[in-house]
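Accompanying notes for the structure given below.
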Amino acid sequence: MDTKLRLAVEPPSGAGVYKDGSNKPMNDKRIRHPYPAWLCQSLIVLLTTGLLSATTAPPRQRTVEFTYKTVVSAGTAGNRTVDVWVPVPHNSPFQTITNLIIMSPYPYRIDTAQYGNRIMHLTVANPTASFMIDMRFTATRKEHIQERLEAGNSPKSIVAPADLAHWLKPDRLVPIDGNIKRWAQGVVDSVGARTDLQKARAIYNHVIATVKYDKTGTGWGQGDIYYACDTRRGNCTDFHAIFIGYCRAVGIPARFAIGFSLPTDRPAGQVSGYHCWAEFYLKGVGWVPIDASEAAKNPSRRAYFFGAHDENRIEFTIGRDLVLHPRQAQPLNYFVYPYAEINGKPVTTLVNTFTYRNLPAVSARR
């Protein structure tokens with residue numbers, strides 16, 4: 001029971017009254033009755049049925065100024081058309097983006113593509129020199145805690161999203177084939193999981209227990225479920241490939257999100273690379289946040305990261321195998337770094353820099 005919840009039904013220290021009517025030191029071993037039994041029983045009924053809410057701390061939040069820069073090489077001489085796409089962070093119930101400024105030497109536009117992802121795009125014919133795109137914004141991120149996990153299901157209060165069926169479909173590197181279905185079913189059967197919540201928790205625990213956070217060698221970072229299942233190591237994309245794939249294989253919608261993790265040990269600095277996480281959908285509850293790779297790195301927070309995302313992150317895009325706007329040559333495995341093409345062929349020479357600076361907390365608009 002939560003500490004604050006206990007305080008609602010337990011008396012302050014020293015308030016014990018004993019059967020013999022005396023006030024004894026609290027280390028006395030005799031049974032004490034701080035409040036009448038009927039009152040304690042009534043409180044317990046109210047709490048367990050959800051008619052009386054426990055006092056809980058408000059979600060934490062963090063506000064930062066984030067700078068996202070990329071330098072695009074002009075390439076070799078000759079006729080060439082350069083296209084550049086940059087992910088633009090979006091608002092959500094847990095994230096507010098304000099003061100967005102994009103500095104570019106060429107005209108651009110921002111459109112909305114799949115799953116509500118926002119994308120900046122520009123086209124340059126025969127650029128004469130390398131150029132920089134500099135995007136800056138203020139992000140207020142609120143801790144995402146799925147409170148309905150503790151409150152119990154309320155099917156009538158939740159309307160399933162229209163695109164829910166999509167999140168049961170395979171991705172290119174996360175197929176839902178016979179092997180994946182068999183492995184996923186084996187995981188849930190091994191612990192006797194019957195409900196979707198039990199199954200998702202079993203899969204989460206399995207991934208954390210069997211996959212090592214390890215970015216040595218090659219092959220990691222693609223979110224390839226077969227690579228992750230074979231090697232049992234990788235980064236956040238590999239952890240969540242297994243979680244998402246196994247959930248979908250047992251009929252639980254699950255989706256991928258990617259952005260940046262904000263360091264907690266300093267108020268400003270550079271962000272070295274992306275971070276990704278996942279959510280699964282539970283009937284009567286809604287989307288439930290999880291972060292298997294952070295849980296694997298922080299064993300003391302394993303329980304927390306099943307049902308919560310902390311405030312130290314910024315989400316840029318949702319989903320995989322993404323088609324941008326306007327459409328690029330091939331769908332992207334995921335989209336968090338800038339993507340460019342010259343005459344329709346991918347460019348691999350972009351130089352990216354990501355920095356942040358803490359700001360005083362502001363109220364996030366819902």
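Of the residues A268, A257, the single one that is buried (at least 18 other Cβ atoms within 10 Å of the Cβ), within 26 Å of N91 (Cα to Cα) and not aromatic (F, W, Y) is A257. Among helices (runs of 4 or more DSSP H) entirely within the range 224-299, having at least 3 residues that are under 21 Å from I176 (Cα atoms) and not assigned by TED's automatic domain parsing to the domain that holds P89 singles out 225-231, 236-249.
Scanning the range 174-232 for residues that are aliphatic (A, V, I, L, M), under 22 Å from L149 (Cα atoms) and in contact (Cβ under 8 Å) with a residue 60 or more places away in the chain yields a count of 5.
Filtering the range 255-275 to residues that are in contact with a Ser or Thr (Cβ under 8 Å, 6 or more places away or on another chain) and either without any contact (Cβ under 8 Å) to a residue 60 or more places away in the chain or of a type in the set (V, I, T) (or both) leaves I258, V271, H275.
Looking at the range 64-149, none of the strands (runs of 3 or more DSSP E) lying wholly inside it contains 2 or more residues that are buried (at least 16 other Cβ atoms within 10 Å of the Cβ) and modelled with pLDDT under 95.
The values are calculated or read from the model by the stated rules, or taken from the named source; none is laboratory data. On a predicted model such as this, the values are computed, not experimentally measured, just so you know. Note that we place each Cβ from the backbone using ideal geometry, even for glycine, and neighbour counts take in every protein chain shown.
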